Amino acid sequence: VSGDVSSSCCLPLHLNEDNARFGLLAALILLYLLCGAVVFSALEHPSELQAHRHWDQQLANFTEQNSINLKSLHVLLKQYEEAFAAGIRVDKLRPRWDFSGAFYFVATVVSTIGFGMTTPVTVAGKIFLIFYGLLGCAATILFFNLFLERIITMLAYIMRWCHERQLRRSGVGGEEARSEDDSLEGWKPSVYYVMLILGIAALLIACSASALYSAMEDWDYFESLYFCFVAFSTIGFGDVVSSQRESYKAQEAYRLGNCLFILMGVCCIYSLFNVISIIIKQTLNWILGKLDCSKAQCPCRGRPYRRRAPGKRFTNASVETVCDSETDAGRRLSGEMISVNDFMANKVSLAILQKQLSETAHGNPRQSHVRQNGFSGGVGAFAIMNNRLQETSVDR
């Protein structure tokens, strides 16, 4: 069966496959949200009720002991809430809107962390924030994607170097040398190693930063780890925020270290989230493949295709069926199919990330990432948009 016949078999199902993947992911996310709501409600709601009872008792005791009208006290507390939103605290904190405070604020804006400790209160400041954040957040997301590309490039070279050393230790010379070359040519760096390395790097950064925060902020170590995850993942609740006191020992060095740790942590966690999202996508493909190709009426059941070299069309035979793979347009974009051992019965490509790993490890030029219509590949969310634009232009 030729590659063209296989393509014509599954290409009409392209939109259906994409919609099915999207619907399945939406349903799983909704289920994930429902489960999370149940767990957090069970864990936190009793504490919330207890805090309300404790606060009401404190108010009653205070008004009784000091002969203060409860209504007047409520007015004062409401005024304090407004002052709190403007950055005023009972304990002295660093100035919110001097240059260093404003720089800290804009860094949390463009990184999308948004702790909420500092917010603009003037109409002009809120209007400026809308336009400033629109451009700044977009530029920072681009920076994170380019950072991820460079991390992938570096890791691919490192993994290739380690693989070469392992082959050399197994013996060199004559037939073995030729076998080594053949083995290198067919070797593909695994995206799971990338996920493991990024996870270890993020953990090391978080543990090191937590040791710093425990010493400087008087937090316990677990609370410091909690802050690291909330900050690095850009969730940014704002309940715990670093570098907010009026003064510290070695203040300038600490603030510089704080910024560097947050920058490195955000970059690593963003990269890790992108890699995990690829694994999730492949899991969805596997689930849909099992659902679709288990049906006897599957039109492309049992029609395998072969991995292709760059620039060549698909031919018949080899490791996966057309239904178990991604769509034909997705295969055109991903280039060479890359197997992932021990993950699933039907081997699937890891698309852009795996392709970049393979090309970098084998020293292929990056021009292969530039498509004929000018859309570049990229990774992460950047790749999703570019791939869809490329795919649409090809289908036309």
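Selection over region 121-137 of residues that are open to solvent by 60 Å² or more (accessible area, probe 1.4 Å) and either small (Gly, Ala, Ser) or part of a helix (DSSP H, G or I) (or both) gives a count of 10. Does SER242 count as within 30 Å of ASP98 (Cα to Cα) and open to solvent by less than 30 Å² (accessible area, probe 1.4 Å)? So SER242 passes the test.
Summed over region 154-171, the residues that are more than 31 Å from the chain's Cα centre (by Cα) and either surrounded by 12 or more Cβ atoms within 10 Å (Cβ to Cβ) or charged (D, E, K, R) (or both) give a count of 5. In region 205-236, the qualifying residues are those that are among the small types (Gly, Ala, Ser) and not in a helix (DSSP H, G or I), and the one that is surrounded by the most Cβ atoms within 10 Å (Cβ to Cβ) is GLY236. Close Cβ contacts (under 7 Å, 6 or more residues apart or on different chains) running from residues in region 91-114 that are over 14 Å from ILE235 (Cα atoms) and in contact (Cβ under 8 Å) with a residue 24 or more places away in the chain to residues that are among the acidic types (Asp, Glu) and assigned to a loop (DSSP other than H, G, I, E, B) comprise LYS92/GLU246; LEU93/GLU246; ARG94/GLU246.
Quick grid of which residues meet (1) outside any helix (DSSP H, G or I); (2) modelled with pLDDT of 90 or more; (3) of a type outside the set (Phe, Trp, Tyr); (4) under 39 Å from the mean Cα position of the chain (by Cα):
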site	(1), (2), (3), (4)
ASP18	no, no, yes, yes
GLY23	no, no, yes, yes
ALA27	no, yes, yes, yes
GLY36	no, yes, yes, yes
PHE40	no, yes, no, yes
LEU49	no, yes, yes, yes
ALA60	no, no, yes, no
GLU64	no, no, yes, no
SER72	no, no, yes, no
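Annotation note: of GLY174, GLY101, GLY116, GLY136, the sole residue that is in contact with a helix residue (DSSP H, G or I) (Cβ under 6 Å, 6 or more places away or on another chain) and either within 17 Å of TYR270 (Cβ to Cβ) or at pLDDT below 90 (or both) is GLY136. A Cβ distance below 8 Å, combined with a sequence gap of six or more or placement on separate chains, defines the contacts here; from region 195-211, residues that are over 18 Å from ILE278 (Cα atoms) reach residues that are of a type in the set (Phe, Trp, Tyr) and open to solvent by 70 Å² or more (accessible area, probe 1.4 Å) in the pairs ALA206/PHE229; SER210/TYR221; ALA211/TYR221.
The values are calculated or read from the model by the stated rules, or taken from the named source; none is laboratory data. What you are looking at is a predicted structure, and each value in this text was computed from that prediction instead of being measured. So basically every Cβ, Gly included, is an ideal-geometry build from the backbone, and we count neighbours across all protein chains shown. Only protein heavy atoms, including side chains, enter the accessible area calculation; ligands, DNA and RNA are left aside. Shrake-Rupley method; radii C 1.70, N 1.55, O 1.52, S 1.80 Å.
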